[in-house]
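Trainee: Structure below; questions to follow.
The values are calculated or read from the model by the stated rules, or taken from the named source; none is laboratory data. Predicted model, so just to flag it, every value in this text is computed and none were measured. Neighbour counts are summed over all protein chains in view; Cβ atoms, including those assigned to glycine, are modelled from backbone coordinates with ideal geometry. For accessibility, only protein heavy atoms count, side chains too; no ligands or nucleic acids. Shrake-Rupley method; radii C 1.70, N 1.55, O 1.52, S 1.80 Å.
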Amino acid sequence: MLAAALVTWLVTVQRMRGMDAGPGTDLGSLGWYVGVWVTMMAAMMLPGAVPAVLQRSRSGGVFTAPVFAGTYVAIWAIVGIAVYVLYRPHGTVAAGVVVIAAGVYELTPIKRHFRLRCRDQGRSGLVFGLDCVGSSIGLMAILVVVGVMSVAWMAVIAVVIVAQKILPTRAVIDIPLAFAIVGLGILILADPSAIPGLIPPTVPTPMM
């Protein structure tokens, strides 16, 4: 799984090169977008799912692991289609508001509920995927609004998501992280030019 994640990272970097236009990113055609999104999700989500897949393979046999992982990625693919339907190129005001909302979500009981369930590794790929979507939806919203085709933002969000899947909840870390996200949203509203890459200096290459 880690090898697959590495390969998908390499493919994602290659396919997304030159496509980042910050909040104004155009998602392109549905077929092109779905291919990139699924590759992104495999790259970002598979590393954090390794403990769950290993436990599932021990309890249900090695052949259950691909089904578990495939179902998990499929859930995120469905999320990607929803993003495609709802997404519109937007400005920094919308980006800032969504980032602030994502920071607030990190402090809610709903987030804690889904994060704990996402770390409970004994269920099916479907349930595991839904729980992890609930846990990570705020962080993924940040990626979508600040630069859905940004490899840099993708890497930052992926690190946070993997850490939250593997590490236990600790207020001393989680609360400052939530406030940092809220602060990022405020900074985007106040001075978006201070965020590297948020306002691309050139017109992006048109997507196919």
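Trainee: Hydropathy first: keep DSSP H helices in the chain averaging at least 0.5 on Kyte-Doolittle, then drop any whose Cα extent along the axis falls short of 30 Å, and list what survives.
Mentor: Qualifying helices: 30-60, 64-86.
Trainee: Would you mind telling me which residue in ALA155, ALA190, ALA102 has the biggest mean-square fluctuation in a Gaussian network model of the chain, where springs connect alpha carbons within a distance under 10 angstrom?
Mentor: Most flexible of the set in this elastic network: ALA190.
Trainee: So, one more: Where in segment 129-150 does the amide nitrogen come within less than 16 Å of the point 7 Å from the Cα of VAL97, taken along Cα to Cβ?
Mentor: Correct set: 142, 145-146.
Trainee: Near VAL53, within a Cβ-to-Cβ distance under 15 Å, what is the net charge of the other residues, with Lys and Arg +1 and Asp and Glu -1?
Mentor: For residues surrounding VAL53, the net value is +3.
Trainee: For Cα pairs less than 8 Å apart in space and 6+ apart in sequence, what is the mean separation divided by the residue count of segment 113-164, i.e. the relative contact order in percent?
Mentor: 31
Trainee: Over all alpha-carbon pairs of segment 79-156, lay out the pair-distance distribution in 10 Å bins, whole %, shortest bin first.
Mentor: 18, 44, 33, 6, 0
Trainee: What FRET efficiency, computed as 1/(1 + (r/R0)^6) with R0 = 41 Å and r the Cβ-Cβ distance, is obtained for THR108 and ALA3, rounded to the nearest 0.05?
Mentor: So, using R0 = 41 Å, E works out to roughly 0.70.
Trainee: Dipole magnitude of the chain about its Cα centre, charges +1 at Lys/Arg Cβ and -1 at Asp/Glu Cβ only, in debye to the nearest 20?
Mentor: 580
Trainee: Now for a separate question. Among TRP32, LEU189, GLN55, whose Cα projects farthest towards the positive end of the dipole of the chain, with charges put on the beta-carbon of Lys, Arg (+1) and Asp, Glu (-1)?
Mentor: GLN55
Trainee: Ignoring everything but the protein chains, give the 1.4 Å probe accessible area of MET140 in square angstrom, nearest 10.
Mentor: 10
Trainee: What does the C-alpha gyration tensor say about the overall shape of the chain? Classify as rounded when a/c is under 1.5, otherwise prolate if a/b is larger than b/c, or oblate. Don't jump to the answer; show the numbers that get you there.
Mentor: Values: a/c = 2.15, a/b = 1.30, b/c = 1.65.
Oblate.
Trainee: Counting alpha carbon pairs within less than 8 Å and at least 6 residues apart, what relative contact order, in whole percent, applies to the chain?
Mentor: Rounded, it is 34 percent for the chain.
Trainee: So what are segment 1-97's ellipsoid semi-axes, whole angstrom, largest first, if each one is the square root of 5 times an eigenvalue of the alpha-carbon gyration tensor?
Mentor: Details: eigenvalues 179, 40, 28 Å².
Over the Cα atoms of segment 1-97, the ellipsoid semi-axes are 30, 14, 12 Å.
Trainee: Given a Förster radius of 30 Å and the C-beta distance between VAL34 and ALA190 as r, what FRET efficiency does 1/(1 + (r/R0)^6) yield to the nearest 0.05?
Mentor: 0.25
Trainee: Compute the accessible area per residue over the chain, keeping the other protein chains in place, probe 1.4 Å, unit Å².
Mentor: 48
Trainee: Ignoring ligands, DNA and RNA, please state the percent of accessible area on segment 1-144 from carbon and sulfur, probe 1.4 Å. Numbers along the way, then the final one.
Mentor: Values: 4690 of 6450 Å².
Within segment 1-144, the accessible surface is 73 percent carbon and sulfur.
Trainee: Within segment 50-83, which chymotrypsin sites (Phe, Trp or Tyr not before Pro) sit in a loop by DSSP and count at most 12 neighbouring Cβ atoms inside 10 Å?
Mentor: Qualifying residues, ordered by number: PHE63.
Trainee: Under a point spin-label approximation (7 Å from Cα along Cα-to-Cβ), what is the ALA82-LEU10 distance to one decimal in nm?
Mentor: Each label point is offset 7 Å from its Cα along the Cβ direction, giving 3.3 nm.
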